[in-house]
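Here is the structure we will look at, set down as structure tokens.
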């Protein structure tokens, strides 16, 4: 591959499959708007690499593989610096960087957004493109995310996440009353009728094991503040599991939480709950706690952040609403 004539379009860390899958099949499922034949042409042109190696169309991708997709069109280059995006750095050394990502900021470049992502801000901050993705957060999920500065660090951390040696905890506001604590064990996968969305899907139909542990921190009459810990790390896992549980995350427009679902039909309640919804552009979900072993020193690292201001404001509003309901 003549790298000086090509531009990086996408960098993918494979975390949404359990078993090996042909690369052209995997990519056509991930990007249904691009046909399998088109990906086969890109493979033949050596524009797609797995773990920095050229491949043929029969190659298989495995969990935690790193896929690079290149393009000859400079207008679609992905890893451009954007100095207007200033990452909130929680921790940094020569191996890793931990960021507190705000809601509404996409993690990495993709179709339609090549220069307004967290990665673009990191490229500007670091002055280079030596950034490696270990895990992801959805665009409207805020909180802690770790990147590595070397491939060795990426491989070691990716293995730790895969072997469940890293811990990720989230807080969410959901519709409905939740039990004190519990576990949702429901396989999920891409929905056949809409490949951009995920939902409960049997393993027979291609669903992957997904396990979410939760506990209720505060119970309101019609909502709950919960804490979730992932045992697996499927795409949209908490959001899909909460919808499956009939307690969708407040503000989640993809999974049914962006409207007033339950409550009373009094104007003051409807207006107050609309204020809560207006605080969020998407799901009320924050990755507030992250623990893992340092990929070089092996030292145990633990990071925890406060909930963002809009989240705190939503909790205060719910407290007031609950107080009035109990009058």
Review point. Which residue fluctuates the most in the chain, going by a Gaussian network model with Cα springs under 10 Å, if the choices are 301, 157, 21?
Key: 301
Check your understanding: What angle, in degrees between 0 and 90 and rounded to the nearest 10, separates the Cα long axis of helix 151-162 from the longest principal axis of the Cα atoms of the chain?
Key -> 40 degrees
**Study point:** residue 59 paired with residue 327, simple spin-label distance in nm, labels 7 Å along Cα-to-beta-carbon
**Key:** 6.6 nm
Point to revise | FRET efficiency, residue 193 to residue 246 (Cβ-Cβ, R0 25 Å, nearest 0.05) | key: 0.75
Review point. Using the beta-carbon distance between residue 163 and residue 183 and R0 = 22 Å, what value does 1/(1 + (r/R0)^6) give for FRET efficiency, to the nearest 0.05?
Key: 0.65
Check your understanding: What is the gain in length, in nm to one decimal, between residue 312 and residue 46 on full extension, counting 0.36 nm per residue of separation less the C-alpha to C-alpha distance?
Key -> 90.9 nm
Practice item. Using only alpha carbon pairs under 8 Å that are at least six residues apart, calculate the relative contact order of the chain and give it in whole percent. Key: 14 percent
Check your understanding: Shape call for segment 171-261 from the C-alpha gyration tensor, a ≥ b ≥ c root eigenvalues: rounded (a/c under 1.5), prolate (a/b greater than b/c) or oblate?
Key -> oblate
Check your understanding: What nm distance separates the two modelled labels at residue 93 and residue 19, each placed 7 Å from Cα along Cα→Cβ?
Key -> 4.0 nm
Exercise for review: Can you pull the one-decimal nm distance between simple spin-label points at residue 38 and residue 274, each 7 Å off the Cα toward Cβ?
Suggested key: 4.1 nm
Point to revise | Residue order, fewest to most surrounding Cβ atoms within 10 angstrom, among 205, 252 | key: 205, 252
Exercise for review: Kindly state, to the nearest 0.05, the FRET efficiency for residue 110 paired with residue 259, given R0 = 22 Å and r defined as their beta-carbon distance.
Suggested key: 0.20
Point to revise | Separation between Cα centres of segment 204-245 and segment 85-155, rounded to whole Å | key: 24 Å
Exercise for review: First check a/c for segment 98-224, with a ≥ b ≥ c the square roots of the eigenvalues of its C-alpha gyration tensor; if it is under 1.5, answer rounded, and if not, answer prolate when a/b is larger than b/c or oblate otherwise.
Suggested key: prolate
Study note, to complete from the structure: Helix 267-278 sits off the longest principal axis of the Cα atoms of the chain, rounded to the nearest 10 on a 0 to 90 degree scale, by 20 degrees
Revision key, fill the gap. Sorted largest first, the C-alpha extents of the chain along its principal axes in whole angstrom are 71, 43, 38
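Each reported figure results from applying straightforward, stated rules to the coordinates on display, with no laboratory input. Please read all numbers here as calculations on a predicted model, not as lab measurements. Note that each Cβ is placed from the backbone with ideal geometry, even for glycine, and that neighbours are counted across all protein chains shown.
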